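Heads up, the thing below is written out as C-alpha cells.
The values are calculated or read from the model by the stated rules, or taken from the named source; none is laboratory data. Since this is a predicted model, take the numbers as computed values, not measurements. Note that we place each Cβ from the backbone using ideal geometry, even for glycine, and neighbour counts take in every protein chain shown. For the accessible areas, the whole protein counts, side chains as well, though only heavy atoms, and no ligand, DNA or RNA atoms are used. Shrake-Rupley method; radii C 1.70, N 1.55, O 1.52, S 1.80 Å.
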Amino acid sequence: SGINLTKDGQIIAENASAVLEAYRKMLGKLSTHADPNDTNLEGSLSLTASPVFFSSILIDAVNAFTSRYPHVKINASESDEGHILGMVHHQAFDLGFLSPTDSSLARDTHHDLTWVRLFTDEVVAAVSSTSALASRQFLTYQDLHKERVSTFLTNPSMPKANSNFYAISNNVATHIALVSSGQAICVIPRFLSRIFSMAAKNISILPFAPT
C-alpha cells in the first residue's frame, strides 16, 4: 500500500526533491570537513526566492530539510525576482531561486554566480468552470486576446501572448479569487495548478496547444 500522487502532485514532489538536492550539495560549504549525509551537521544557510516559488515549493522543501538536518539554521525569505541575482552576488544570501528565461540568462552580468537548473515546467491556464473556455481541451495564445488575463510579474510566456491584462501580481490568492469569480483567467506554471484546484473546486486547468 502507499500514496498515489496525481500528476501535479508528482511534479511538486520532484521539484521539492530537486531543491533539497541543491541544498545537500551546498552543505559542503558549511564546513571544510562536512559530510552531506551527516544528519548532525551544524551551520547556517540563507536563501531567497520569489513569492510564488517560496509559497508553492520552497516552504515544504525547507521543512523537509530542517527535519533531516535539525542543527543547520535556515534563513529563508521572499524577494522580488528582479533583486535576487544582485543580493546573491553581494552575498546577502547563499542561494537564490528564480525562474529566468533563456534571454535573461544571456543578459546576466553576474559572472561569479553559478546556475543550477532544478526543473523546467510548462505554462497552463486556470479558468473558471463557468467560462465557455472550460469545455475546451486546450487553449491557444490567440485565445488570450479575447479574455481578461491575470498573470505573475515574472511569467516569461506573456509577452508573446500580447493579452488584455486585467491583473499582474505575485499574490497567488489574488489570482485564485479572480479566476474563481470568473473575472479573469490566469496564466500559471503547472506546478501551481494543484494549489489553484485545491483552493477552489470551480477552477479548471487547461494546457496550451503546442506552438
Candidate set: the stretch 60-81, residues that are open to solvent by 70 Å² or more (accessible area, probe 1.4 Å) and closer than 18 Å to residue 93 by Cα; chosen: the one modelled with the lowest pLDDT: 80
Test result for residue 180, among the polar types (S, T, N, Q) and modelled with pLDDT of 85 or more: yes
Wholly within the stretch 161-211, strands (runs of 3 or more DSSP E) carrying at least 1 residues that are open to solvent by less than 20 Å² (accessible area, probe 1.4 Å) and under 19 Å from residue 58 (Cα atoms): 185-189
Of residues in the stretch 23-52 being open to solvent by less than 20 Å² (accessible area, probe 1.4 Å) and either farther than 30 Å from residue 151 by Cα or assigned to a helix (DSSP H, G or I) (or both), the one modelled with the highest pLDDT: 45
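Which of the residues spanning the stretch 82-118 are modelled with pLDDT under 65 and crowded, with 16+ Cβ neighbours inside 10 Å?
Restricting attention to the stretch 82-118, the residues satisfying the condition of being modelled with pLDDT under 65 are 100-108.
If the condition is that a residue be modelled with pLDDT under 65 and crowded, with 16+ Cβ neighbours inside 10 Å, then 100 is the only one that fits.
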Residues of the stretch 135-160 classified as exposed (fewer than 15 other Cβ atoms within 10 Å of the Cβ) and at pLDDT 80 or above, total: 7
